[in-house]
Amino acid sequence: MEDLILKAKELFDKKEYESAKDIFLKENKLYEAGLCFLLCNDIKNARACWKKDKENVFASSWGLNVLDYIQRKVKRLPSFLQIRAFYELYINLLIENNLIEYAQNLINVYYELTKSNPETLKFVARVLNAKGYDDLSLEFIKRIKDFGYIDPEAFFISAEINYEREKYSDSLDDLKRILDFLPGYYPAVTLKQKILDFYR
């Protein structure tokens with residue numbers, strides 16, 4: 001059994017979701033099978049798996065929410081921990097598998113999800129930045145700033161993007177906001193020093 005599950009995970013990592021799904025179903029790993037169905041653009045069978053799953057309810061209940069969100073329905077809010085564990089991961093997987101409309105719809109429920117977890121905006125900004133959508137990432141970081149709270153990691157993403165674009169003054173502004181709030185935040189201290197060394 002362990003060897004089969006390991007094989008299925010290897011197939012999943014290679015994006016061979018159909019083959020991985022068959023093994024997960026055989027081994028009664030319904031959460032994993034449901035995720036494979038979703039990435040194969042089969043919402044009906046993803047929903048069927050996640051509704052039946054009694055072993056991994058935390059993940060499968062998140063999956064059921066995602067199926068609603070990608071169909072532009074918000075019926076239930078996930079927990080703080082579900083958003084932290086899965087939101088960024090799912091956006092990433094949907095983008096990687098060219099399910100762009102699903103990814104957009106999942107991103108578009110960010111406002112509702114901030115009611116459960118205010119870090120939701122940062123998760124969107126971080127995955128968009130990682131996927132090379134820097135302008136969109138900066139838009140979400142601006143929304144964080146508009147909310148009026150300091151998220152050092154989100155502001156650091158903005159500082160890095162501005163640094164890469166040689167907008168050093170904007171980068172230093174972001175770094176100042178971080179360091180005023182959290183003076184020992186090592187990535188910000190390091191980037192600030194790099195910019196100042198460049199100016200000298």
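What the table below lists for this structure:
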quantity	calculated
Flag if Ile91 is over 18 Å from Arg76 (Cα atoms) and surrounded by fewer than 16 Cβ atoms within 10 Å (Cβ to Cβ)	no
Test set (1) surrounded by fewer than 18 Cβ atoms within 10 Å (Cβ to Cβ); (2) touching a helix residue (DSSP H, G or I) at 6+ places or on another chain (Cβ under 8 Å) - Ala46 fails condition number	(1)
Some residue of the range 138-152 being under 23 Å from Glu96 (Cα atoms), outside the structural domain of Phe198 (by TED's automatic domain parsing) and touching a Leu at 6+ places or on another chain (Cβ under 6 Å)	yes
Enumeration of residues in the range 74-103 that are polar (S, T, N, Q), under 18 Å from Leu35 (Cβ atoms), free of Cβ contacts under 8 Å to residues at least 60 places away in the same chain and outside any helix (DSSP H, G or I)	Asn98
Of all residues in the range 94-104 being surrounded by fewer than 20 Cβ atoms within 10 Å (Cβ to Cβ) and aliphatic (A, V, I, L, M), the one that is farthest from Ser61 (Cα to Cα)	Ile100
Residues of the range 150-200 that turn out to be part of a loop (DSSP other than H, G, I, E, B) and surrounded by 12 or more Cβ atoms within 10 Å (Cβ to Cβ), as a count	6
The listed residue being among the acidic types (Asp, Glu), in a helix (DSSP H, G or I) and buried (at least 17 other Cβ atoms within 10 Å of the Cβ), out of Glu32, Glu10	Glu32
Evaluation of Ile107 against (1) under 19 Å from Leu39 (Cα atoms); (2) of a type in the set (A, V, I, L, M); (3) exposed (fewer than 14 other Cβ atoms within 10 Å of the Cβ) (one fails), failing number	(3)
Positions within the range 68-88 being of a type outside the set (Ser, Thr, Tyr) and crowded, with 18+ Cβ neighbours inside 10 Å, in sequence order	Ile70, Pro78, Gln82, Ile83, Phe86, Glu88
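Here's the yes/no breakdown for (1) at pLDDT below 95; (2) among the polar types (S, T, N, Q):
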position	(1), (2)
Ala33	no, no
Cys40	no, no
Ile43	no, no
Lys51	no, no
Lys54	yes, no
Phe58	no, no
Leu67	no, no
Gln71	yes, yes
Glu88	no, no
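Here's the yes/no breakdown for (1) within 20 Å of Tyr69 (Cβ to Cβ); (2) among the aromatic types (Phe, Trp, Tyr):
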site: Tyr102; (1), (2): yes, yes
site: Glu112; (1), (2): yes, no
site: Pro118; (1), (2): yes, no
site: Tyr149; (1), (2): no, yes
site: Arg165; (1), (2): no, no
site: Arg177; (1), (2): no, no
site: Pro183; (1), (2): no, no
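The values are calculated or read from the model by the stated rules, or taken from the named source; none is laboratory data. What you are looking at is a predicted structure, and each value in this text was computed from that prediction instead of being measured. All Cβ positions, glycine included, derive from the backbone under ideal geometry; neighbour counts span all protein chains shown.
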